[in-house]
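Enquirer: Dropping the structure in here first, questions after.
The values are calculated or read from the model by the stated rules, or taken from the named source; none is laboratory data. Everything numeric here is computed off the predicted structure, so don't read it as measured data. Here the Cβ is made from the backbone with ideal geometry for all residues, glycine too, and neighbour counts use every protein chain on show. SASA here: full protein model, heavy atoms, side chains in, ligands and nucleic acids out. Shrake-Rupley method; radii C 1.70, N 1.55, O 1.52, S 1.80 Å.
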Amino acid sequence: MKKLAVLMFLSIITLISCDGRDRKYKTNTEVLKENKLLKSFKEAIKFVPETYTEIKSDTILSNGFKIKINYYSVENDFVLETKKSKNDSLIKIHHKNFEAQLLVFKNNTIINQSLINKKLFYNDDITFWQNAIMQFVWIDHEASNKNELYLNTSFCIPSTEECKDFVLKINKQGIIKIEEVIILSNTV
């Protein structure tokens with residue numbers, strides 16, 4: 001009986017001493033550092049856009065061209081942007097790349113079926129293309145004529161003003177010619 005009482009007394013002392021008094025005056029950050037968990041709590045991961053995004057357009061022009069564009073985000077292809085917030089936590093933003101499936105008809109005959117993505121535009125500026133995201137693909141109704149269809153597209157590096165614009169000229173045989181649009185800023 002004496003051994004049981006001593007064992008019970010030691011158990012009670014042990015439980016009472018485990019009340020967290022040693023952590024009472026520590027900040028949450030100190031406790032997390034102590035347990036090597038701070039890094040996982042100081043890192044936020046975001047996706048832009050958050051969910052799959054798709055825009056379909058079907059356009060018939062009076063010049064005999066018909067264009068179907070399926071513009072969508074690519075789920076496992078992204079550009080990573082890393083930022084630090086005000087409280088020194090790390091924010092990782094995954095900007096999803098976009099591409100567009102293009103189907104072009106001339107007088108109800110398919111003349112071009114292609115995939116428009118940044119790989120189609122690669123040149124010597126590898127750093128730009130590794131960090132750029134396709135922003136838009138749209139039809140230039142005013143420039144298009146009975147012999148050529150004009151599409152515009154833009155690629156930008158997220159959170160910067162660095163962009164490149166292109167014109168895709170598709171002739172009535174379906175051949176695509178790509179030209180970069182050089183935009184010069186006017187200063188007064």
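Enquirer: So which residues in the stretch 139-161 are aromatic (Phe, Trp, Tyr) and more than 20 Å from residue 173 (Cα to Cα), if there are any at all?
Expert: 155
Enquirer: Still on this structure: Among the residues of the stretch 160-171, is there at least one that is acidic (Asp, Glu) and part of a strand (DSSP E or B)?
Expert: Taking every residue of the stretch 160-171 in turn, at least one turns out to be acidic (Asp, Glu) and part of a strand (DSSP E or B).
Enquirer: In the stretch 83-99, which residue that is open to solvent by 80 Å² or more (accessible area, probe 1.4 Å) and in a strand (DSSP E or B) is modelled with the lowest pLDDT?
Expert: 84
Enquirer: Report, by residue number, each residue of the stretch 156-177 that is farther than 30 Å from residue 91 by Cα and either buried (at least 16 other Cβ atoms within 10 Å of the Cβ) or outside the structural domain of residue 94 (by the TED database) (or both).
Expert: The answer is 166, 168, 169, 170, 172, 174, 176.
Enquirer: So, one more: Which condition from (1) open to solvent by less than 80 Å² (accessible area, probe 1.4 Å); (2) in contact (Cβ under 8 Å) with a residue 60 or more places away in the chain is the one that residue 135 breaks?
Expert: So residue 135 meets the others, but not (2).
Enquirer: Could you go through the stretch 140-148 and let me know if any residue there is in contact with a Lys or Arg (Cβ under 7 Å, 6 or more places away or on another chain) and open to solvent by 20 Å² or more (accessible area, probe 1.4 Å).
Expert: Yes, the conditions are met somewhere in the stretch 140-148.
Enquirer: Is it the case that the stretch 117-128 has a residue that's aliphatic (A, V, I, L, M) and open to solvent by less than 30 Å² (accessible area, probe 1.4 Å)? Outline the logic, then answer.
Expert: Start the filter on the stretch 117-128 by keeping residues that are aliphatic (A, V, I, L, M), which leaves 120, 126.
Then drop every residue that is not open to solvent by less than 30 Å² (accessible area, probe 1.4 Å), which leaves none.
Among the residues of the stretch 117-128, not one is aliphatic (A, V, I, L, M) and open to solvent by less than 30 Å² (accessible area, probe 1.4 Å), which makes the answer no.
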